[in-house]
């Protein structure tokens with residue numbers, strides 16, 4: 001019998017809830033994907049490049065045309081000039097980029113600090129590299145970094161800190177002041193960062209995303225990861241990128257070349273074309289998703305759920321204590337799906353040790369208006 005390298009890992013909650021939604025015919029506001037398509041011009045570009053014969057391996061680092069567009073976007077968005085050849089790597093999905101960055105950094109016995117609630121791919125990737133995750137809970141109700149707990153968690157074995165802003169599942173944002181404080185905390189330590197910024201353009205209410213790319217001191221020790229799938233409404237394309245200083249990028253590519261070698265070629269060509277022709281897309285994205293957030297929250301204002309509007313991402317947390325305080329959030333998510341036709345994600349699954357009184361579920365509002373209206377009608381009827 002094989003001995004599992006991930007004995008505590010099963011099928012993810014995202015897969016389970018999407019399957020339950022399909023089985024019951026529920027509206028799927030659980031897994032984080034849009035129920036609408038990406039831009040027509042972007043989809044047309046894929047067909048055009050397939051027909052043009054762009055169907056063989058891309059370069060290991062990604063197509064130069066796409067890396068050039070990523071570098072141009074970073075310059076516009078964050079004022080940083082990065083070398084498209086030495087600092088930008090295209091990956092088949094942000095999750096794969098994070099995996100490769102973790103394999104690059106973590107050695108047996110190393111510790112990686114993650115902030116709970118956190119995305120579920122971080123810890124298995126650390127464990128597969130022989131490391132151990134140290135979980136530091138974010139401070140409720142705002143999901144802010146608890147700086148004393150972070151300082152207490154640092155040890156001689158700390159090799160990596162994983163940041164995620166805008167934050168999944170809460171939508172919370174890290175500020176520039178937070179980045180400055182983190183820099184001071186780790187300045188004299190041999191600690192690296194992975195900054196998961198896949199929702200970088202989904203920031204609302206006039207706020208600006210505080211990227212590690214715009215922080216000179218932190219970027220020197222960081223891998224910054226983002227996602228074309230999230231930005232261009234094409235999550236099934238599984239295409240993302242990693243930006244890091246040249247020495248770190250060189251080590252990342254050593255791992256990347258033996259995991260996938262490269263990303264999907266015609267998708268890279270299509271993204272390069274679309275980014276060059278439509279640089280306004282990322283500028284319009286905050287208003288696009290804020291309108292969906294506001295519609296969903298306005299529709300829920302007379303429900304028995306309580307919530308604060310998410311500052312970023314396309315997820316909205318809601319407290320259900322006034323509805324079924326007798327159910328934990330996993331049972332509540334299943335109850336909502338089976339009995340009321342709306343699938344959601346329980347927040348406790350993002351924790352190593354969830355707070356005992358946690359009564360939060362996560363809704364994805366990256367949906368068509370009619371989907372949001374139907375879901376809200378069902379939720380308000382509870």
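The values are calculated or read from the model by the stated rules, or taken from the named source; none is laboratory data. Note that the structure is predicted; figures quoted are calculated from it, not measured. Note that we place each Cβ from the backbone using ideal geometry, even for glycine, and neighbour counts take in every protein chain shown.
Inside region 258-277, can you point out the residues that are surrounded by fewer than 17 Cβ atoms within 10 Å (Cβ to Cβ) and either outside the structural domain of residue 69 (by TED's automatic domain parsing) or more than 23 Å from the chain's Cα centre (by Cα) (or both)?
Once the filter is applied, which keeps residues that are surrounded by fewer than 17 Cβ atoms within 10 Å (Cβ to Cβ) and either outside the structural domain of residue 69 (by TED's automatic domain parsing) or more than 23 Å from the chain's Cα centre (by Cα) (or both), region 258-277 yields 258, 276, 277.
On the given criteria, is residue 83 outside any helix (DSSP H, G or I), within 30 Å of residue 308 (Cα to Cα) and out of contact with any strand residue (DSSP E or B) (no Cβ under 9 Å at 6 or more places or on another chain)?
no
Identify the single condition in (1) surrounded by fewer than 20 Cβ atoms within 10 Å (Cβ to Cβ); (2) assigned to a helix (DSSP H, G or I) that residue 126 does not satisfy, given that it satisfies every other one.
All conditions pass for residue 126, except number (1).
Conditions tested, residue by residue: (1) within 24 Å of the chain's Cα centre (by Cα); (2) under 18 Å from residue 297 (Cα atoms); (3) outside the structural domain of residue 173 (by TED's automatic domain parsing).
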{"site": "312", "(1), (2), (3)": "yes, yes, yes"}
{"site": "325", "(1), (2), (3)": "no, no, yes"}
{"site": "329", "(1), (2), (3)": "yes, no, yes"}
{"site": "333", "(1), (2), (3)": "yes, no, yes"}
{"site": "367", "(1), (2), (3)": "yes, yes, yes"}
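So which residues in region 293-333 are buried (at least 20 other Cβ atoms within 10 Å of the Cβ), assigned to a helix (DSSP H, G or I) and touching a residue at least 60 places away in the same chain (Cβ under 8 Å), if there are any at all?
Result: 293, 296, 300, 333.
Checking the conditions here, which among 56, 103 is on the phi < 0 side of the Ramachandran plot, in contact with a helix residue (DSSP H, G or I) (Cβ under 7 Å, 6 or more places away or on another chain), modelled with pLDDT of 95 or more and not in a loop (DSSP other than H, G, I, E, B)?
Just a single option satisfies the conditions, and that option is 103.
State yes or no: is residue 45 touching a residue at least 40 places away in the same chain (Cβ under 8 Å), over 19 Å from residue 231 (Cβ atoms), touching a helix residue (DSSP H, G or I) at 6+ places or on another chain (Cβ under 9 Å) and buried (at least 16 other Cβ atoms within 10 Å of the Cβ)?
It is false that residue 45 is touching a residue at least 40 places away in the same chain (Cβ under 8 Å), over 19 Å from residue 231 (Cβ atoms), touching a helix residue (DSSP H, G or I) at 6+ places or on another chain (Cβ under 9 Å) and buried (at least 16 other Cβ atoms within 10 Å of the Cβ).
Just a yes or no: is a residue in region 19-30 surrounded by fewer than 19 Cβ atoms within 10 Å (Cβ to Cβ) and either within 20 Å of the chain's Cα centre (by Cα) or part of a loop (DSSP other than H, G, I, E, B) (or both)?
Checking region 19-30: at least one residue is surrounded by fewer than 19 Cβ atoms within 10 Å (Cβ to Cβ) and either within 20 Å of the chain's Cα centre (by Cα) or part of a loop (DSSP other than H, G, I, E, B) (or both).
For residue 351, only one of the following conditions fails: (1) touching a helix residue (DSSP H, G or I) at 6+ places or on another chain (Cβ under 9 Å); (2) within 28 Å of residue 203 (Cβ to Cβ). What is its number?
(1)
Take region 354-371 and flag every residue that is in contact with a helix residue (DSSP H, G or I) (Cβ under 9 Å, 6 or more places away or on another chain), outside any strand (DSSP E or B) and under 18 Å from residue 320 (Cβ atoms).
Matches in region 354-371: 354, 355, 357, 358, 359, 365.
Does residue 337 qualify as being over 22 Å from the mean Cα position of the chain (by Cα), touching a residue at least 12 places away in the same chain (Cβ under 8 Å), within 26 Å of residue 230 (Cβ to Cβ) and surrounded by 22 or more Cβ atoms within 10 Å (Cβ to Cβ)? It would help to see each step written out before you state the result.
On the way: over 22 Å from the mean Cα position of the chain (by Cα): yes; touching a residue at least 12 places away in the same chain (Cβ under 8 Å): yes; within 26 Å of residue 230 (Cβ to Cβ): yes; surrounded by 22 or more Cβ atoms within 10 Å (Cβ to Cβ): yes.
When the stated conditions are applied, residue 337 passes them.
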